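Have a look at the structure below before the remarks.
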Amino acid sequence: MEQDRKRFRKGGTVTIAVSGDAANYVDGFRRRYDPNVSRIMPHVTLAFAPELDVCDWMLARPHIQEALAQLPPFIIRVAELGTFMDENVLWLRPTALHGELLMLRQTILGSFPGVAFDRTDDFVPHISIGFFASSDDLLEARDAVCRELIPFSFRVGFISYLQADEGNIWQCVDTVELGG
C-alpha cells in the first residue's frame with residue numbers, strides 16, 4: 001500500500017522552535033498579524049536558503065551534529081521588537097546571553113559552503129509575528145505590540161530543519177540536539 005505523501009518544494013530553513021508557554025504567547029500576536037500562522041510553527045529563524053533541500057541537509061547533518069555537541073542547551077530572552085521595513089515584516093528580537101544564536105548561524109552557514117543563504121550581510125535572528133501590505137499598517141501593529149509586549153524566555157535544546165511541502169505547509173524534517 002502506497003502512502004499519500006506530499007513532496008517537498010525547494011527551499012529550506014534552519015530554526016529554533018519557540019516552545020511551551022512562549023509559543024502560545026507568540027502565536028497570540030501571529031494570529032492577529034500573520035496570515036501564515038497555520039502554515040509554520042513559531043520559530044527563531046537562523047538561516048533560510050531558497051535552494052536548500054533535505055538532501056543537502058542530510059549530507060551536512062553529521063558536521064552540524066558534531067559542532068552542536070559542544071554547545072549546551074541555553075535560554076533565549078525576548079524583550080524587543082524589530083521591523084524589516086523593506087518587506088513590511090514585524091518581528092520579535094531573541095537574544096542569548098553568550099552569543100549562541102550567532103554561533104548557531106555561523107555553524108549552519110559554514111556547513112553549506114555552496115549554498116546562498118538570505119540576508120548573509122544583514123541577518124538578525126528573529127521571530128516573525130506579522131506581515132503587512134503597507135508600512136503604515138506595519139507601524140500601527142508595531143506600536144500596538146510594543147504596548148502589550150511582556151518580556152519572556154524559553155529554553156533551547158535543539159535546532160530544526162524545516163521544508164515546505166507542495167501545499168506550502170512547513171514541516172519539521174529533522175532536529176539536532178544541543179550538547180550531544
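The values are calculated or read from the model by the stated rules, or taken from the named source; none is laboratory data. Because the structure is predicted, anything quoted here is derived from the model rather than measured. A quick note on method: Cβ atoms are made from the backbone with ideal geometry, for glycine too, and the neighbour counts reach across all protein chains shown.
Are any residues in the stretch 21-40 over 17 Å from Val145 (Cα atoms) and either in contact with a Lys or Arg (Cβ under 7 Å, 6 or more places away or on another chain) or surrounded by fewer than 18 Cβ atoms within 10 Å (Cβ to Cβ) (or both), and if so, which ones? First the steps, then the outcome.
To start, the set of residues in the stretch 21-40 that are over 17 Å from Val145 (Cα atoms) comprises 21, 36, 38-40.
The answer is Asp21, Asn36, Ser38, Arg39.
Taking the stated definitions as given, is Phe74 at pLDDT below 95, surrounded by 15 or more Cβ atoms within 10 Å (Cβ to Cβ) and either out of contact with any Phe, Trp or Tyr (no Cβ under 7 Å at 6 or more places or on another chain) or farther than 19 Å from Val37 by Cβ (or both)? Can you show your working first?
Working: at pLDDT below 95: no; surrounded by 15 or more Cβ atoms within 10 Å (Cβ to Cβ): yes; either out of contact with any Phe, Trp or Tyr (no Cβ under 7 Å at 6 or more places or on another chain) or farther than 19 Å from Val37 by Cβ (or both): yes.
For Phe74, the condition - at pLDDT below 95, surrounded by 15 or more Cβ atoms within 10 Å (Cβ to Cβ) and either out of contact with any Phe, Trp or Tyr (no Cβ under 7 Å at 6 or more places or on another chain) or farther than 19 Å from Val37 by Cβ (or both) - is not met.
List the strands (runs of 3 or more DSSP E) inside the stretch 1-101, counting only whole elements, that have at least 2 residues being touching a residue at least 12 places away in the same chain (Cβ under 8 Å), out of contact with any Leu (no Cβ under 9 Å at 6 or more places or on another chain) and under 18 Å from His126 (Cβ atoms).
On the way: elements: 8-17, 43-49, 74-84, 89-96.
In the stretch 1-101, 43-49 are the strands (runs of 3 or more DSSP E) which contain 2 or more residues that are touching a residue at least 12 places away in the same chain (Cβ under 8 Å), out of contact with any Leu (no Cβ under 9 Å at 6 or more places or on another chain) and under 18 Å from His126 (Cβ atoms).
Of all residues in the stretch 102-117, which are farther than 18 Å from Ser128 by Cβ and either among the basic types (Lys, Arg) or without any contact (Cβ under 8 Å) to a residue 40 or more places away in the chain (or both)?
Correct list: Leu102, Met103, Gln106, Gly110, Pro113, Gly114.
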